[in-house]
Amino acid sequence: MSSYIAGYQMLEEEMEAMNTWLSFPSQRSLDQDLAIRQFCPARIEQEQEEWQEETYVINEAELWLPSDDVSSGIQAYEEELFVDSFFNNEYYNECLNGEQEVFEQFDDDHEGMTMAIDYEYLPVMVEDELVMTNFCEDGGLVAEDACNDGVDQGLHLVHLLLACAEAVGCRDTLHARAMLSQIWTCVSPWGDSLQRVAYCFAMGLDARLSLLNHVKANGILENGSGDQSLITKEERLEAFYLLHQTTPYISFGFMAANDAICEAAEGKDFLHIVDLGMEHTLQWPHLVRKLAARLGGPPKLIRITGINDLCVKEYQMQDTIVEAESLGISVKFCRIDEAVTESLLTKENLDIREGEALFVNSLMQLHKYVKESRGSLKIILQAIKKLEPTLLTVVEQDANLNGPFFLGRFLESLHYYSAVFDSLESSLPRNSIERMKIEKLYFAEEIRNIVAYEGADRIQRYDRADQWRRQLSRAGFQSVGFRNPNLTNLSVSLCQSDGYTLATDKNCLLLGWRGRPIMLASAWRIHSVSSS
């Protein structure tokens, strides 16, 4: 028992140090990718190049080629860490109190290694017993007495997912198909949150396996084998509206961005808001009401320019325009039916006028411009900077889903979306049609894109708050703190569940589920020497 307590204390110290690095107030908010970085020198070297250079370019052919030997050597240990992450703090506390028998933590091969475990991101509860795991000679995972009860089934399912992902990453299609056939018997879009999220990841793995049949010897996809969404834009937008109605994730972004805009617009009568990727009008009624209630009176004119190749129509803005007029504000709407590009983002194309305060608003859009080279994002940010905006508002999903290595990205994605699905189950019953639509039409498509695709076809490239700070700072922006971040508590209080958490991290607002960051909101202005 004493050796276990010493090992657990070492783990707690590692967790505390890691949480300090993440700057997020959670005792269990760890980045699972730490384990990969810690035991893979090639990964450390890759990340150092990524952070230190202005851009990095990864050959698309390499993304589809099998994993190299140095990364495959740690995959078994990654899986062990991931399975260990299912056990929560309460369970370990019981072990420390002597209420349960302690089992051996480390294999001989792993003796002396420091473990970094993430406890609560996946919705599996361990009650009275532990399922021991072994590694097969072929690298797969086996759960002893698996599927005997809910806990065993959950662990067995995770083992299968990770074994399948490992086989897919190595392009071992025969083994991957065998694993996938077992996964289908354990998952369901109508089951518990783990079964549902596993179903989505199984769909992604299946799609990636299908794409492997179209990869040439040089690693390049054949023509016509790129991402073809199974969901229409109308279906995705329907799911987006349902997500807005049933969770605080979307309203959190609106409220945070609107708070920042209103604060920066104090004393200004003419406002121009350029909305990147505008697909809906949900944000604007709240903004109009806040501006109408500000001290000193409302602004005289608000111009909203929406940019999207499928932008909202004028009639969809009519209700907002009518409400604004009743509050003494004139609102003018202009739509630009084009994709956001560097050449489009000019003062002439956007009709930027002298004397008006310009605001650039990006709600879950900038991650789409990251692509394989971060230089593409930098180009967009530099174009925005040339517009000389009063403020740039950025709302994104807070997850490290843009890593260059498939297995690391798979692990982090599974953590992230398991927390999201867990939060959905707390708000909507298991048989809810609304929940099913949100998961199938919105999140399942994101998971499929992250897991199945590489190169230009992979557009869901979410990053953590620290990475956004680096990229925006390099582009010449500096963060602006929220004057009263408690205002956005309203979006959290609108939801009946008490599992949502709100925190601040270096001028960013973070909305999380049980300590796991899910969404981030931030505001930026052009860096000036006088303000530094």
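The values are calculated or read from the model by the stated rules, or taken from the named source; none is laboratory data. Every value quoted in this text rests on a predicted model; they were computed, and no experiment measured them. Glycine gets a Cβ as well: all are built from the backbone with ideal geometry, and neighbour counts include every protein chain shown. The area values use the complete protein model at the heavy-atom level, side chains included, leaving out ligands, DNA and RNA. Shrake-Rupley method; radii C 1.70, N 1.55, O 1.52, S 1.80 Å.
Of the residues Ala198, Ala256, which single one is open to solvent by less than 10 Å² (accessible area, probe 1.4 Å) and modelled with pLDDT of 95 or more?
Going through Ala198, Ala256 in turn, just one is open to solvent by less than 10 Å² (accessible area, probe 1.4 Å) and modelled with pLDDT of 95 or more: Ala198.
For segment 485-498: of the residues being among the small types (Gly, Ala, Ser) and open to solvent by 10 Å² or more (accessible area, probe 1.4 Å), which is modelled with the highest pLDDT?
Checked segment 485-498; the qualifying residue modelled with the highest pLDDT is Ser497.
Consider segment 394-437. How many of its residues are in a helix (DSSP H, G or I) and open to solvent by 10 Å² or more (accessible area, probe 1.4 Å)?
Count: 10.
Could you tell me whether Glu279 is open to solvent by 20 Å² or more (accessible area, probe 1.4 Å), within 30 Å of Leu510 (Cβ to Cβ) and free of Cβ contacts under 8 Å to residues at least 60 places away in the same chain?
yes
Out of Phe477, Phe443, Phe482, which single residue is within 15 Å of Thr393 (Cβ to Cβ), aromatic (Phe, Trp, Tyr) and at pLDDT 95 or above?
Exactly one residue qualifies, and that residue is Phe477.
Just the residues that are of a type in the set (Asp, Glu) and either in a helix (DSSP H, G or I) or closer than 18 Å to Ala198 by Cα (or both), please, taken from segment 438-466. Steps first, please.
So the first thing to find is which residues in segment 438-466 are of a type in the set (Asp, Glu), and the list is 439, 445-446, 454, 457, 463, 466.
Hits for segment 438-466 are Glu439, Glu445, Glu446, Asp457, Asp466.
Out of segment 329-360, which residues are polar (S, T, N, Q) and touching a strand residue (DSSP E or B) at 6+ places or on another chain (Cβ under 7 Å)?
Ser330
So is Arg196 in contact with a Leu (Cβ under 8 Å, 6 or more places away or on another chain), assigned to a helix (DSSP H, G or I), in contact (Cβ under 8 Å) with a residue 12 or more places away in the chain and not small (Gly, Ala, Ser) or not?
Details: in contact with a Leu (Cβ under 8 Å, 6 or more places away or on another chain): no; assigned to a helix (DSSP H, G or I): yes; in contact (Cβ under 8 Å) with a residue 12 or more places away in the chain: yes; not small (Gly, Ala, Ser): yes.
Against the criterion (in contact with a Leu (Cβ under 8 Å, 6 or more places away or on another chain), assigned to a helix (DSSP H, G or I), in contact (Cβ under 8 Å) with a residue 12 or more places away in the chain and not small (Gly, Ala, Ser)), Arg196 does not qualify.
Yes or no, residue by residue, for (1) closer than 22 Å to Trp513 by Cα; (2) touching a Pro at 6+ places or on another chain (Cβ under 6 Å); (3) without any contact (Cβ under 8 Å) to a residue 24 or more places away in the chain; (4) among the aliphatic types (A, V, I, L, M):
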| position | (1), (2), (3), (4) |
| --- | --- |
| Lys386 | no, no, no, no |
| Val394 | yes, no, no, yes |
| Gln397 | yes, no, no, no |
| Asn402 | yes, no, no, no |
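Tell me which residues, restricted to segment 315-339, are part of a helix (DSSP H, G or I) and surrounded by 12 or more Cβ atoms within 10 Å (Cβ to Cβ).
Hits for segment 315-339 are Gln316, Met317, Gln318, Asp319, Thr320, Ile321, Glu323, Ala324, Glu325.
Which residue out of Arg236, Arg294 is within 28 Å of Glu434 (Cβ to Cβ), basic (Lys, Arg), modelled with pLDDT under 95 and surrounded by fewer than 18 Cβ atoms within 10 Å (Cβ to Cβ)?
Selected residue: Arg236, the only one of Arg236, Arg294 that is within 28 Å of Glu434 (Cβ to Cβ), basic (Lys, Arg), modelled with pLDDT under 95 and surrounded by fewer than 18 Cβ atoms within 10 Å (Cβ to Cβ).
If you go through segment 246-258 one residue at a time, do you hit one that is over 19 Å from Leu510 (Cα atoms) and not β-branched (Val, Ile, Thr)?
no
Any residue at all in segment 254-272 that's within 30 Å of Arg430 (Cα to Cα) and in a helix (DSSP H, G or I)?
Taking every residue of segment 254-272 in turn, at least one turns out to be within 30 Å of Arg430 (Cα to Cα) and in a helix (DSSP H, G or I).
What are the pairs, 6+ residues apart or on separate chains, where a residue within segment 324-340 that is modelled with pLDDT under 90 and of a type in the set (Lys, Arg) has its Cβ under 6 Å from a residue that is crowded, with 20+ Cβ neighbours inside 10 Å and in a helix (DSSP H, G or I)?
So the pair list comes out empty.
Starting from segment 302-320, take each residue that is within 17 Å of Leu363 (Cβ to Cβ) and list its partners that are open to solvent by 70 Å² or more (accessible area, probe 1.4 Å), counting only C-beta distances under 7 angstrom and pairs at least six apart or across chains.
Ile307/Glu338; Asn308/Glu279; Asp309/Asp337; Asp309/Glu338; Leu310/Lys233; Cys311/Asp337; Val312/Glu279
Considering Glu388, Glu356, which residue is within 23 Å of Ser528 (Cα to Cα), open to solvent by 10 Å² or more (accessible area, probe 1.4 Å), modelled with pLDDT of 95 or more and in contact with a His (Cβ under 8 Å, 6 or more places away or on another chain)?
Details: Glu388 fails: in contact with a His (Cβ under 8 Å, 6 or more places away or on another chain).
Checking each option against the conditions leaves just Glu356.
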